[in-house]
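Below you'll find the structure, written out as structure tokens, and then a few comments.
Nothing in this text is a laboratory measurement; each read-out follows from the coordinates by a stated rule. Predicted model only: the values in this text are computed from it and were never measured. Because the Cβ atoms are built from the backbone with ideal geometry, glycine has one as well, and the counts that use them run over all protein chains shown.
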Amino acid sequence: MSTYEGQWVAVSQTRIAIIVGRFNQEITGSLLTGALETLTRLGVSQEAIDVIWVPGAFEIPGTARRLMPRYDALITLGAVIRGETPHFDYVAGAVATGVAELARLGEKPVIFGVLTCNTTEEAAARAGGKAGNKGSDAAITAIEMLSLYQKL
């Protein structure tokens, strides 16, 4: 029996793109800070990371698809917060589906770090508050999956 598992150590020459939605930037900025700090801690040089800002979460999947050939892993960060209209459902669903479709290709790790929360308080808790930092979690997942993909 063989067992394969990724590690939390960056592979040399790793190139990572972080696609960040600007909408709800107070939240997404905190997610980005968590991701950058974690990637650095895991051995990724700042020169190997590119941050790409897009207007909102809806623009993340298309941008990620365009960037796929140039990077070893992609991290998507955004914050979709429920409002008084069904807009939340459409945006959250479209972003999740779009990022999942790219991840399903299995070519490169594409990590979903887009918050879909009911309130700004819930989002803040997940962007460095009492619930941790999901940007940091996305960075760990990217490194682990990149390591695993290279083993497979």
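Among Ile52, Ile19, Ile27, the residue with the largest mean-square fluctuation in a Gaussian network model of the chain, with springs joining Cα atoms closer than 10 Å, is Ile52. Dividing the summed -39500 (n - 2.57) terms of all DSSP H runs of n ≥ 4 by the residue count of the chain sets its mean residue ellipticity at 222 nm at -14500 deg cm²/dmol. Of all the options Gly21, Gly113, Gly62, the one that moves most in a Gaussian network model of the chain with Cα springs shorter than 10 angstrom is Gly62.
Considering just Cα atoms, how many Å³ per residue does the convex hull of the stretch 16-151 enclose? Write out the running numbers ahead of the final one.
Values: hull volume 12.6 nm³, N = 136.
With only Cα atoms used, the stretch 16-151 gives 92 Å³ per residue.
If you run the Gaussian network model on the chain, springs between alpha carbon atoms under 10 Å, then out of Glu121, Glu84, Glu107 the most flexible one is Glu84.
Taking label points 7 Å from Cα along the Cα-to-Cβ direction, Lys130 and Gln25 give a separation of 2.9 nm. Taking 22 Å as the straight-line reach from the Cα of Lys108, the lysines in range (excluding those fewer than 8 positions away in the same chain) are Lys134, Lys151. A simple charge model with +1 on the Cβ of Lys and Arg, -1 on the Cβ of Asp and Glu and nothing else charged puts the dipole of the chain at about 240 debye relative to its Cα centre. Taking the fewest neighbouring Cβ atoms within 10 Å as the starting point, the ordered list for Met1, Met145 is Met1, Met145. Fewest-first ordering of Leu105, Leu77 by other beta carbons within 10 Å of each residue's beta carbon gives Leu105, Leu77.
Applying 1/(1 + (r/R0)^6) with r as the Cβ-Cβ distance of Gln46 and Thr85 and R0 = 25 angstrom yields a FRET efficiency of 0.05.
Among beta bridges from DSSP that stay inside the chain, the antiparallel ones total about 10%. The Kirkwood hydrodynamic radius of the stretch 17-81, based on inverse pair distances between different Cα atoms, is 11.9 Å. Once C-alpha pairs closer than 8 Å and six or more residues apart are averaged by separation and normalised to the residue number of the stretch 1-129, the relative contact order reads 29 percent.
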